Amino acid sequence: KIEVKSFSFEEMKKIIKVATGDMKAFTALGFFTGLRSGEIIGLRWEDVDFTKQEIHIKRAIRMGTISTPKTRNSTRTIDILDNLLPYLQEQYKLTGEHKSYVFLNQDDEHYYDIKRIRDTKWKNLLKKCEIVYRTIYQMRHTFATVMIENKEDILWVSNMLGHSDSSMTLQMYAKY
């Protein structure tokens, strides 16, 4: 069973504010969509529809393998929240001309795995923010708990997370 150790709303704001470069969009995406880390690094610009404010989740990257997301329901279309839009637009200025992945490493290639981001950028960012280390996955949990605390439609939250139905979402996050 996965332990939920969500960031507080203040911690979330601080992380996004302190983040620089592509980590600003990376953290905003994690906190404002609930995407899994492999889905974030598997995201291509062709999956982002700025006009409709939608993101099509079609792939994930793990250990260098590009595959479909975790489950059948994980292949989905999610909303780009108004809070997220400016971060994606800024990221487009960094990597959009490549017409490839949203997040690229120093060699302008997609990330092989989340480990490099986690072990360098993520850990350094939390240290800079003076926030106790938590896994990147906790951004997903933070999204879910913040949305539920704010009484968002549970079906919408479940769709954003790629859960098969709302019972799975409620089972995991109802206590929050």
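The values are calculated or read from the model by the stated rules, or taken from the named source; none is laboratory data. The shown structure was predicted, so the numbers you read here are calculated from the model rather than taken from an experiment. All Cβ positions, glycine included, derive from the backbone under ideal geometry; neighbour counts span all protein chains shown. The area values use the complete protein model at the heavy-atom level, side chains included, leaving out ligands, DNA and RNA. Shrake-Rupley method; radii C 1.70, N 1.55, O 1.52, S 1.80 Å.
Quick rundown of the values:
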item	result
Protein-only accessible surface order, largest first, of THR77, THR33 at 1.4 Å	THR77, THR33
Centre separation in Å (Cα based) which lies between the stretch 1-56 and the stretch 70-118	9
Size of electric dipole in the stretch 1-73: Cβ of Lys, Arg +1 and of Asp, Glu -1, about Cα centre, debye, nearest 20	240
Cα gyration tensor category, rounded, prolate or oblate, for the stretch 69-142 with a/c compared to 1.5	rounded
Cα gyration tensor shape for the stretch 1-122, rounded if a/c is under 1.5, else prolate or oblate	rounded
Accessible surface of the chain [probe 1.4 Å, protein heavy atoms]: carbon and sulfur percent	50
The stretch 27-176, relative contact order in percent, only Cα pairs under 8 angstrom and at least six apart counted	28
Gyration tensor (alpha-carbon) shape descriptor, the stretch 37-78, a/c threshold 1.5	oblate
Accessible area per residue in Å² at 1.4 Å probe, computed on the stretch 46-100	63
Farthest toward positive dipole pole in the stretch 31-176 [+1 Lys/Arg, -1 Asp/Glu at C-beta], among PHE32, ILE117, ILE80	ILE117
Charge dipole (the chain, unit charges on Cβ, about Cα centre) - positive-most of THR51, VAL157, GLN89	VAL157
Taking the stretch 1-75 and dividing mean pair separation by its residue count, relative contact order in percent (alpha carbons under 8 Å, at least six apart)	17
Where the stretch 112-176 is the region considered: accessible area per residue in Å², 1.4 Å probe	56
Two-decimal Rg/Rh across the stretch 104-176, once Rg and the Kirkwood Rh are taken from alpha-carbon atoms	1.09
Student exercise, the chain dipole from Lys, Arg, Asp, Glu Cβ charges, in Debye to nearest 20	620
